[in-house]
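Only one structure is covered here, and it is reproduced in the block below.
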Amino acid sequence: MQSYRMSYPCACVPVLLCIAGFGIPGCRSQDTQPASNTAIAEPSAPIVSLRDVTAESGITFLHERGAKGDYLLPELIGSGGAFLDFDSDGDLDIYLVQGGEPDGDNDRYRNRLYRNDDGRFVDVSAMARADVPGVGMGCAVADYDNDGDCDIFVTRLGPNVLLRNNGSGAFDDVTDVAGVGDAGFGVSSAFFDYDRDGLLDLYVVNYVRWSRALEHTCYSPDGLRDYCAPGEYPSAADKLYHNLGDGRFEDVSESSGIASIARDGLGVVCTDVDNDGWIDVYVANDQMPAFCWINKGNGTFVEDAQLRGCAVNENGVAIAGMGVAVEDIDGNGFENLLITNIAMQTHLFFVNSGGYFEDRTRRFGLSGWNVLETGFGVAWVDLENDGVPELFVANGAVGRNASAPDSKRPYAQHNQLARKSDAGRYELVDSSSIPAMQSNEVSRSVVQGDYDNDGDVDLLITNNGAAPQLLRNDTVNDHHWVTLTLRDDALHRDALNARVELVAGDRTYRKVVRAQSGYLGSNDPRVHFGIGDATRIERINVIWPDGSEQTFTGLEMDRRHVLRKGK
């Protein structure tokens, strides 16, 4: 006998209370659309100009969900993509992860690689041997073998795939040799050097343990067939791989402590939580307390989220964590966290003070403006080059929405952009002034990078079951900028997790070299600073991953620079 279950239900309280709309803490309610009390930025505020140039740029990709009416959970989760410079010519190419049928033959559904030729993209997937088949989810890009070009790791509904860039414009599938082909339900992933040996290690987030045999029939509150909640499936432990330096990785999930707890993970970011020089890992878990894996510097990690105040919200409730963005928003030298959440709840903003967190969601104005939407991808991104990053959230429902504008597309939603007001609160921009944001899709990842090298950051939005959106930033103002590539020539690659401090005028800006953040995506690893009306750059201070410090002076504004360790 089949029982009544909500899709993404209120697992912590009786279903009828959720349907009735009671404000039960932790209730993961349906993607309904109540009246909103969301704050909107004043009309006089400068407007960001984003233009959808997907079709005219030559991108023809269409994501395949593989949905055939059986409502299989993997159909709902993907997919992601990346900005990367795979041919080392100085401009950003695009990699898009394809989906497929969770229990079918997916040879015809393949990932796509688009080479950037002066702003127009050419599909070189087959020629570059980057057209991986299968039910893909996300990707992470980095030079794991320190040979000077970027490689691609693809998460899938098992097994995952590692593509090694052979330097001749093509990739080799080295998954078996590398030992990273876990056959689980991989979602977000990130490269980072956890033991400071100069070799990039790999963290892989697993969602749940899935098989067709675990699926059963679930319904939405209005009695229609819908996806089952993740709580209906067993949780899966994440994976940590140690880079051995000879093309192989060692699975250290058990010995490091990472596999000691299994939860339903989605987003991941690698950040030095306590500024002790050892990179930690934060994982957004779905309707479960988050992970904050503190790196002990001896090859082991301790899960410390509860003690450090970043496991649950201020009410002690575990949110439906999806994407994670990290940025030093308050300028105190410690990176803060923003985690996206399901509709009818709030996104979660943690301020980091000395390695310990405080929930400042309400103070930053985030407690009311995701009432209608379910957020996945998220990015702090300075679209105006004024030194104050906007907040972009990619939205897409996870439960059937009876109030959706298009009844044939009950999971589609609008994306959101918020700006920081003079009062220090993030307020939604009226998106009617930005036609490119009027699309109604099931969005998942938001990837950032200056693909046309014109000095402002562009966005790539991936959509579940639809074409992606390449949003070119056409914002016009007199603000200045600088883009930095940080290189360690001894390692022949970007200095991931180097900390950068830029002083211009009376302001100090801080960023970290990081490619993976948000949800299922990999960003431009170059560090971009908008510096507003500053007349000159005073200096740039860099703390390299090995702890050494270096100061650069005399750099011009409105240009791209390469900063080399020790030079």
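With Cβ to Cβ distances under 15 Å as the rule, what net charge do the other residues near A236 carry (K, R +1; D, E -1)?
-3
Find, among the trypsin sites (Lys or Arg not before Pro) in the stretch 290-376, those assigned to loop by DSSP (not H, G, I, E, B) with at most 13 other beta-carbon atoms within 10 angstrom.
R362, R363
Residues in the stretch 134-152 near a label at D246, defined as backbone nitrogen under 20 Å from the 7 Å Cα→Cβ point?
Correct set: 144-147.
Can you tell me the relative contact order of the chain? Whole percent, Cα pairs under 8 Å, sequence separation 6 or more.
16
Please give the residues of the stretch 281-301, grouped as numeric ranges, whose backbone N is less than 11 Å from a label point set 7 Å along the Cα-to-Cβ vector of S255.
Residues 299-300 fall inside that zone.
How big is the stretch 242-293 along each principal axis, measuring the range of its Cα positions in Å and listing the largest first?
Reported extents, whole Å, longest axis first: 39, 26, 17.
As an exercise, take the mean of 1/r over every pair of distinct alpha carbons in the chain, invert it, and state the Kirkwood radius in angstroms.
This gives a value of 23.4 Å.
Report the calculated FRET efficiency for D117 and L307 (r = Cβ-Cβ distance, R0 = 56 Å), to the nearest 0.05.
0.65
Please compute the volume of the convex hull spanned by the alpha-carbon atoms of the stretch 207-319 and report it per residue in Å³.
Value for the stretch 207-319: 134 Å³ per residue.
Roughly speaking, what is the centre-to-centre gap between the stretch 174-235 and the stretch 495-530 when only Cα atoms are used, to the nearest Å?
28
Jot down the per residue volume, in cubic angstrom and as a whole number, of the convex hull over the alpha-carbon atoms of the stretch 418-567.
Output value, Cα hull per residue: 145 Å³.
Once the other residues with Cβ under 14 Å from the Cβ of D251 are scored (Lys, Arg +1; Asp, Glu -1), what is the net sum?
-4
Pop a pseudo-label 7 angstrom from the Cα along the beta-carbon direction at both S211 and N166 and give the gap in nm to one decimal.
So the two model labels end up 3.7 nm from each other.
Using the Kirkwood formula on the Cα atoms of the stretch 305-392, what hydrodynamic radius do you get, in angstrom to one decimal?
The answer is 13.3 Å.
Using only alpha carbons, build the gyration tensor for the stretch 401-501 and give me the equivalent ellipsoid semi-axes, biggest first, whole Å.
Rounded to whole Å, the semi-axes are 32, 20, 14.
Please sort by residue number the trypsin sites (Lys or Arg not before Pro) in the stretch 512-544 whose DSSP state is loop and whose Cβ has at most 16 other Cβ atoms within 10 Å.
Taking the stretch 512-544 and a limit of 16 other Cβ atoms within 10 Å, the loop trypsin sites (Lys or Arg not before Pro) found are R536.
Using only the C-alpha atoms of the stretch 280-328, find the volume of their convex hull and express it per residue in Å³.
86
Antiparallel DSSP bridges in the chain: what percent, to the nearest 5?
Antiparallel bridges make up about 95 percent of those DSSP assigns within the chain.
Let me know the whole percent of all Cα-Cα pairs from the stretch 516-567 that are separated by more than 17 Å.
51
Take the alpha carbon atoms of the stretch 457-482, find their center, do the same for the stretch 256-281, and report the distance between the two centers in whole angstrom.
29
What number, in percent, do you get for the relative contact order of the stretch 471-567 if the mean sequence gap of Cα pairs under 8 Å and at least 6 apart is divided by its residue count?
Computed value for the stretch 471-567: 37 percent relative contact order.
For R493, list long-range residues whose amide hydrogen, built 1.01 Å from N in the peptide plane, is under 5 Å from its own amide hydrogen.
D488
Send over the semi-axes of the stretch 143-261's equivalent ellipsoid, whole angstrom and largest first, taken as the square roots of 5 times the C-alpha gyration tensor eigenvalues.
Working from the Cα gyration tensor, I get semi-axes of 33, 17, 11 Å.
Using every alpha carbon pair in the stretch 152-201, what percent of pairs falls into each 5 Å bin from 0 up to the bin containing the largest distance?
The percentages, shortest bin first, are 5, 20, 22, 24, 20, 8, 1.
What base-10 log of the normalised intensity I(q)/I(0) is obtained for the stretch 214-261 from the Debye formula, alpha carbons as equal point scatterers, at q = 0.15, 0.28, 0.31, 0.33 Å⁻¹?
-0.60, -0.99, -1.07, -1.12
Please compute the Cα-Cα pair-distance distribution of the stretch 190-246 with 5 Å bins starting at 0, giving whole percents from short to long.
Going out from 0 Å in 5 Å bins, the stretch 190-246 shows 4, 16, 16, 13, 11, 10, 9, 8, 7, 4, 2, 0 percent.
Provide the gained length on full extension for the span R362 to D454, in nm with one decimal, where the gain is 0.36 nm per separating residue minus the Cα-Cα distance.
29.5 nm
Compute the normalised compactness of the stretch 106-161: alpha-carbon radius of gyration over 2.2 N^0.38 Å, N being the residue count.
For the stretch 106-161, the normalised Cα radius of gyration comes out at 1.22.
Counting pairs of Cα atoms in the stretch 402-441, how many percent are more than 17 Å apart?
46
How big is the stretch 312-468 by the Kirkwood estimate over distinct Cα pairs, in Å?
16.2
Quick check on packing: order 77-85, 96-104 by the mean number of other C-beta atoms within 10 Å, highest mean leading.
77-85, 96-104
So which chymotrypsin sites (Phe, Trp or Tyr not before Pro) in the stretch 122-207 are both in a DSSP loop and have at most 12 other Cβ atoms within 10 Å of their Cβ?
Listed in order of number, the matching sites amount to none.
Rounded to two decimal places and with Rh computed the Kirkwood way over Cα pairs, what is Rg over Rh for the stretch 354-427?
Using Cα coordinates only, the ratio equals 1.05.
For the stretch 149-163, take each phi angle, set θ = phi - 60°, evaluate the Karplus expression 6.51 cos²θ - 1.76 cosθ + 1.60, and give the result in whole Hz per residue in order, putting x for glycine and proline.
With the stated coefficients, the stretch 149-163 comes to 9, 8, 10, 10, 10, 10, 8, 9, 6, x, x, 5, 9, 10, 9 Hz.
Could you tell me the calculated FRET efficiency between E56 and D558, based on Cβ-Cβ distance and R0 = 30 angstrom, to the nearest 0.05?
For R0 = 30 Å, the calculated efficiency reads 0.70.
Values quoted throughout were computed directly from the atomic coordinates according to the rules given, and no laboratory measurement underlies them. Keep in mind that this is a model prediction, so the values were computed, not measured. Using ideal geometry, Cβ is built from the backbone for each residue, glycine included, and neighbour counts are taken over all protein chains shown.
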